[in-house]
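Engineer: Got a structure for you, written out below as structure tokens; questions coming shortly.
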Amino acid sequence: MCFKKKDPKRIYFLSLEYLMGRALSNSITNLGIRDQYADALSQLGFDLEVLAEQEGDAALGNGGLARLSACQMDSLATLDYPAWGYGLRYQYGLFRQVILDGYQHEQPDYWLNYGNPWEIERIHMAYPVKFYGTVEEEDFNGEKRKVWVPNETVEAVAYDNPIPGYGTRNTITLRLWAAKPSDKNDMEAYNTGDYINAVVNRQRAETISSVLYPDDRTYQGKEIRLKQQYFFVSASMQDIIRRFKVTHDNIDEFPEKVALQLNDTHPSLAIVEVVRLLVDEENLSWSRAWDIVCQIFSFTTHTVLPEGLEKIPVDLLESLLPRHLQIIYEINHNFIEELKKRIGLDYDRLSKMSIIEEGAVKNIRMANLSVVCSHSVNGVSKVHGELLKTRVFKDFYDLWPHKFHYKTNGATQRRWIVVSNPSLCALISKWLATEAWIRDMDLLSGLQEYATNADLHREWKMVRKVNKMRLAEYIEAMTGVKVSIDAMFDVQIKRIHEYKRQFLNILGIIHRYDCIKNMEKNDRRNVVPRVCIIGGKAAPGYEIAKKIIKLCHAVAEKINNDPDIGDLLKLVFIPDYSVSVAELVIPGADLSQHISTAGHEASGTSSMKFLMNGCLLLATEDGSTIEIIEEIGADNMFLFGAKSHEVPVLREKGPALKVPLQFARVVRMIRNGYFGFEDYFESLCDSVEVGNDFYLLGADFESYLEAQAAADKAFVDDKKWTQMSILSTAGSGRFSSDRTIEEYAANAWGIEPCRCPF
Ligand code: KOT
């Protein structure tokens, strides 16, 4: 309401994925009514905590990119920015992971089964979205115009999800689109068969918003996926232009009122759709439309590898969106002409920078389209920003250096401390004598002066102990494994990917097991007990990732049932990792692992959540870890491994690369069937053999073990560990998504806060 009255410039955040998690606890916390709500519930005979646990997660996304969108929505609301989020209302969220005999199986997440009390269906807020057909040329008073004659229309219906800010009356909206059959489609039936087909076709329309693609960063050129992308951006752009027109007649003012954020390339067809709407529907000239387009889009990429960038086969686009293909060709033609003027006839470079990739299969390079048409291109950490300039988009950086920036990711302290770790929240507020850090996380640095205070140490340890007890109970309930809370809880939770190196973690655990087994009984007294906790989903088609999950279970089976080992070492795989599981695991972790091969993780955000909860990090110098080091110092963490500039040098060595004997030994244990299933694990073992070990597990193994040993040593020094833990929280202020959003607002979107006065 307040935005409508003041009509500020708005930011529209376009993302195909949001991992919102549960809403109840977060909403009542942000609204400042938690205590009253708990009281009211208890009068009705319910316990808030028990009730809150009943809520399922809204899991409309895969991993880091999707959770980042959710954190950023929370910050946008809290900081009073006039923002809207737009996305797709999938009927099936991210698959549920079920483990049977140690193997991952996927089950559908039909999350709307019992209804969704948080959403408001806006039946009248609906737009037609068109597909297929042909482009005709028509004559308008002597002027030739392109007219798209589509042959399928689907209705996009809005479902609004309120996002309340913390400490403000502002609430923003996440508007998710659902696909419904359009009444405009021909339903006239001449016989029963036609009638049945017509109804079946109507049903088909709904499949567009039925399921989230679970393949985190592999692109297969699937038609439904492309339909999803266009469906959601077309509905969003129609909605945005409609809202603009309510208060403005002059479309040239659009850039003064509208900023559009592209969350990776998935929504990048929005660029083409804006051109189409302005030129074909609003009758603007190409140059006027282009002038507008160049001022409104900011693009953030979350990928490190050029080969990970999205491509759309031209044939597919031509059949689904023929007019959009023409527009892309025109954008590209103009771009290449301009480029020739700047760099001459360097065909190699021209073809690399072209939006169209020539070859056996012709593709649209969505990242090139996004860079050409956005005024701001952002990385998600300092090192990622550099990589964009020097590698991924080097040619574009040379052309337009002013476009390239980075905005280090962040996470919201509201969900990741206040809601998920209430006792730590209370402790921090007590010692800082204020709750202001909940809106200004830099204030956490005030904890530094108490880092050696004995009273704080006692209270800090008590909070951590209670959280570990809660986690231990959960582990037992989920896996049947009893763990000791005196052990170090060592956690790695994230999507399973070779570059994230869960395999390295497991090899380290096998090594630890092997060492304990070969120790004199007396020496075992010096072993620091560990509970190793791994969790994460593998994309359904990602064979090696699925093998890593099975290996984890096979190794756990061996270790956990070895009476000789007892509490010295346990390994558990937490099934069905999700936002809610993370909320429980993170506060109970002593140590967390962020061990990607340097140069592969664009940023990483779970490390920030662990850090703010006082968990120590064992990490490679990759992504946002580099900035965490700047904040808390290398002394307060356990770093290891090749640096990103060393990675290509090590790879270059190929079969000549030296790997430690212990590495060969643990891999051999797997190969020899020590954990069973040796045939199944063969290809996994092959993937880390010398000469084949692309992610350099062997090369980093020795320094990984050293970092682990340093963590053990620090853990037994209780005072030191607690001090490091306090300093981790104290140094985490920079990693609030509030800071990220402030940077986007000032440097990319050009928007100001707009606070509800009442
Ligand atoms: C998925 C598909 C295509 C391209 C990128 C992705 C992607 C990247 N999904 N998640 N990410 C992660 O995004 C996070 C938020 O920026 C980063 O912290 C993390 O490093 C990315 O891997």
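The values are calculated or read from the model by the stated rules, or taken from the named source; none is laboratory data. None of the values given here were measured: they were computed from a predicted structure. Note: ideal-geometry Cβ built from the backbone for every residue, glycine included; neighbour counts use all protein chains shown.
Engineer: Say we look at region 686-714 and pick out the residues that are among the small types (Gly, Ala, Ser) and in a helix (DSSP H, G or I); which of these is surrounded by the fewest Cβ atoms within 10 Å (Cβ to Cβ)?
Structural biologist: Taking region 686-714 and keeping what is among the small types (Gly, Ala, Ser), we get 687, 691, 698-699, 703, 707, 709-711, 714.
Still in the running and in a helix (DSSP H, G or I): 698-699, 703, 707, 709-711, 714.
Values: GLY698: 23, ALA699: 24, SER703: 15, ALA707: 22, ALA709: 12, ALA710: 15, ALA711: 22, ALA714: 20.
Among those that are among the small types (Gly, Ala, Ser) and in a helix (DSSP H, G or I), it is ALA709.
Engineer: Out of GLY446, GLY379, I need the residue that is touching a helix residue (DSSP H, G or I) at 6+ places or on another chain (Cβ under 8 Å) and not assigned by the TED database to the domain that holds TYR166. Which one?
Structural biologist: On the way: GLY379 fails: not assigned by the TED database to the domain that holds TYR166.
Residue meeting the stated conditions: GLY446.
Engineer: So in region 222-240, with the set limited to residues that are in a helix (DSSP H, G or I) and without any contact (Cβ under 8 Å) to a residue 40 or more places away in the chain, which one is surrounded by the most Cβ atoms within 10 Å (Cβ to Cβ)?
Structural biologist: Start the filter on region 222-240 by keeping residues that are in a helix (DSSP H, G or I), which leaves 223-240.
Within this subset, residues satisfying the condition of being without any contact (Cβ under 8 Å) to a residue 40 or more places away in the chain are 224-225.
On the way: ILE224: 13, ARG225: 19.
The selected residue is ARG225.
Engineer: Could you check, for region 319-341, whether at least one of its residues is surrounded by fewer than 23 Cβ atoms within 10 Å (Cβ to Cβ), among the polar types (S, T, N, Q) and under 28 Å from the mean Cα position of the chain (by Cα)?
Structural biologist: No; the residues of region 319-341 include none that is surrounded by fewer than 23 Cβ atoms within 10 Å (Cβ to Cβ), among the polar types (S, T, N, Q) and under 28 Å from the mean Cα position of the chain (by Cα).
Engineer: Sticking with this one: In region 451-472, how many are surrounded by 15 or more Cβ atoms within 10 Å (Cβ to Cβ) and acidic (Asp, Glu)?
Structural biologist: 1
Engineer: Residue by residue through region 475-527, note down the ones that are polar (S, T, N, Q), in contact (Cβ under 8 Å) with a residue 12 or more places away in the chain and more than 16 Å from the ligand (Cβ to nearest atom).
Structural biologist: Of all residues in region 475-527, those polar (S, T, N, Q) come to 479, 484, 492, 502, 505, 518, 522, 526.
After this cut, where a residue has to be in contact (Cβ under 8 Å) with a residue 12 or more places away in the chain as well, the list is 479, 484, 492, 502, 505.
Within region 475-527, THR479, SER484, ASN505 qualify.
Engineer: A further question on this structure: Looking at LYS521, is it at pLDDT 95 or above and either basic (Lys, Arg) or not assigned by the TED database to the domain that holds ALA642 (or both)? Outline the logic, then answer.
Structural biologist: Working: at pLDDT 95 or above: no; either basic (Lys, Arg) or not assigned by the TED database to the domain that holds ALA642 (or both): yes.
No.
Engineer: Listed residues LEU60, LEU88, LEU68; which is within 30 Å of GLY623 (Cα to Cα), in contact (Cβ under 8 Å) with a residue 12 or more places away in the chain, of a type in the set (A, V, I, L, M) and touching a Lys or Arg at 6+ places or on another chain (Cβ under 8 Å)? Don't jump to the end; show me each part of the working.
Structural biologist: Values: LEU88 fails: touching a Lys or Arg at 6+ places or on another chain (Cβ under 8 Å); LEU68 fails: touching a Lys or Arg at 6+ places or on another chain (Cβ under 8 Å).
From the options LEU60, LEU88, LEU68, the qualifying one is LEU60.
Engineer: Moving on. Pick out the one residue from VAL371, VAL392 that is within 14 Å of the ligand (Cβ to nearest atom) and in contact with a strand residue (DSSP E or B) (Cβ under 9 Å, 6 or more places away or on another chain). Step through it out loud before you land on a result.
Structural biologist: Working: VAL371 fails: within 14 Å of the ligand (Cβ to nearest atom).
The conditions single out VAL392.
Engineer: Being closer than 22 Å to GLN238 by Cβ and touching a helix residue (DSSP H, G or I) at 6+ places or on another chain (Cβ under 9 Å), is that true of even one residue in region 93-107? I'd like the intermediate steps shown before the answer.
Structural biologist: We begin by selecting, within region 93-107, every residue closer than 22 Å to GLN238 by Cβ; these are none.
No, that holds for no residue.
Engineer: Which residues, taken from region 239-270, are within 30 Å of the chain's Cα centre (by Cα), more than 20 Å from ILE741 (Cβ to Cβ) and among the polar types (S, T, N, Q)?
Structural biologist: Correct list: THR265, SER268.
Engineer: Condition first: polar (S, T, N, Q), more than 30 Å from ALA582 (Cα to Cα) and not in a loop (DSSP other than H, G, I, E, B). Now tell me which residues in region 372-431 satisfy that. Reasoning before the result, please.
Structural biologist: Narrowing region 372-431 to residues polar (S, T, N, Q): 374, 376, 378, 381, 390, 408-409, 412-413, 420-421, 423, 429.
After this cut, where a residue has to be more than 30 Å from ALA582 (Cα to Cα) as well, the list is 374, 376, 390.
Correct list: SER376, THR390.
Engineer: Turning to a different aspect of this structure: Inside region 579-685, counting only helices (runs of 4 or more DSSP H) that do not spill past its ends, which hold 2 or more residues that are touching a residue at least 24 places away in the same chain (Cβ under 8 Å) and within 21 Å of the chain's Cα centre (by Cα)?
Structural biologist: Qualifying helices (runs of 4 or more DSSP H): 579-585, 606-612, 625-632.
Engineer: Quick check on region 733-748. Is at least one of its residues closer than 30 Å to TYR12 by Cβ, touching a residue at least 24 places away in the same chain (Cβ under 8 Å), exposed (fewer than 15 other Cβ atoms within 10 Å of the Cβ) and touching a Phe, Trp or Tyr at 6+ places or on another chain (Cβ under 9 Å)? Please lay out each step first, then the result.
Structural biologist: So in region 733-748, the residues closer than 30 Å to TYR12 by Cβ come out as 733-748.
Narrowing further to those that are touching a residue at least 24 places away in the same chain (Cβ under 8 Å): 733-745, 747-748.
Among the residues that remain, those that are also exposed (fewer than 15 other Cβ atoms within 10 Å of the Cβ) are: 747.
Cutting the leftovers down to touching a Phe, Trp or Tyr at 6+ places or on another chain (Cβ under 9 Å) gives us none.
No, every residue in region 733-748 fails to be closer than 30 Å to TYR12 by Cβ, touching a residue at least 24 places away in the same chain (Cβ under 8 Å), exposed (fewer than 15 other Cβ atoms within 10 Å of the Cβ) and touching a Phe, Trp or Tyr at 6+ places or on another chain (Cβ under 9 Å).
Engineer: Just to verify a result, which residue in region 197-220, among those that are over 15 Å from PRO128 (Cβ atoms) and either among the β-branched types (Val, Ile, Thr) or touching a helix residue (DSSP H, G or I) at 6+ places or on another chain (Cβ under 6 Å) (or both), is nearest to the ligand (Cβ to nearest atom)?
Structural biologist: ARG217
Engineer: So which helices (runs of 4 or more DSSP H) are wholly in region 254-352 and hold at least 2 residues that are of a type in the set (Asp, Glu)? Let's see the steps before the verdict.
Structural biologist: Details: elements: 254-257, 269-276, 286-296, 314-320, 322-343.
The helices (runs of 4 or more DSSP H) meeting that bar are 314-320, 322-343.
Engineer: Now for a separate question. Among ILE595, ILE565, ILE549, which is within 16 Å of the ligand (Cβ to nearest atom), under 24 Å from ASP514 (Cβ atoms) and either of a type in the set (D, E, K, R) or in the same structural domain as GLU646 (by the TED database) (or both)?
Structural biologist: Details: ILE565 fails: within 16 Å of the ligand (Cβ to nearest atom); ILE549 fails: within 16 Å of the ligand (Cβ to nearest atom).
Answer to the selection: ILE595.
Engineer: Could I ask something else about it? Which condition number in (1) surrounded by fewer than 22 Cβ atoms within 10 Å (Cβ to Cβ); (2) more than 16 Å from the ligand (Cβ to nearest atom) is the one that GLU386 fails?
Structural biologist: All conditions are met except number (2).
Engineer: Then there is this: Working carefully through the options VAL463, VAL528, VAL481, VAL491, find the one that is under 16 Å from MET612 (Cα atoms) and touching a strand residue (DSSP E or B) at 6+ places or on another chain (Cβ under 9 Å). Let's see the steps before the verdict.
Structural biologist: Working: VAL463 fails: touching a strand residue (DSSP E or B) at 6+ places or on another chain (Cβ under 9 Å); VAL528 fails: under 16 Å from MET612 (Cα atoms); VAL481 fails: under 16 Å from MET612 (Cα atoms).
Just one listed residue meets the conditions, VAL491.
Engineer: So, one more: Looking only at region 347-369, filter to residues that are more than 16 Å from LEU226 (Cα to Cα) and small (Gly, Ala, Ser); which one of those is surrounded by the fewest Cβ atoms within 10 Å (Cβ to Cβ)?
Structural biologist: ALA360
Engineer: Scan region 715-758 residue by residue and report those that are closer than 14 Å to ILE628 by Cα, assigned to a helix (DSSP H, G or I) and small (Gly, Ala, Ser). Let's see the steps before the verdict.
Structural biologist: Pass one, region 715-758, residues closer than 14 Å to ILE628 by Cα: 724-725, 727-736.
When the remaining residues are screened for being assigned to a helix (DSSP H, G or I), the result is 724-725, 727-730, 733-735.
Matches in region 715-758: SER725, SER728, ALA730, GLY733.
Engineer: Is it true that GLY61 is at pLDDT 95 or above and touching a Leu at 6+ places or on another chain (Cβ under 6 Å)? Reasoning before the result, please.
Structural biologist: Working: at pLDDT 95 or above: yes; touching a Leu at 6+ places or on another chain (Cβ under 6 Å): yes.
Criteria met by GLY61.
Engineer: As an exercise: evaluate ARG276 against (1) within 16 Å of the ligand (Cβ to nearest atom); (2) touching a Lys or Arg at 6+ places or on another chain (Cβ under 8 Å) and give the number of the one condition it does not meet.
Structural biologist: For ARG276, the exception is condition (1).
Engineer: Note down all Cβ pairs under 7 Å where the first residue falls in region 394-409 and is closer than 26 Å to THR625 by Cβ and without any contact (Cβ under 8 Å) to a residue 12 or more places away in the chain, the second is in a helix (DSSP H, G or I) and among the charged types (D, E, K, R), and they're at least six residues apart or on different chains.
Structural biologist: Here the result reads TYR397/LYS389, each pair linking region 394-409 to a residue that is in a helix (DSSP H, G or I) and among the charged types (D, E, K, R).
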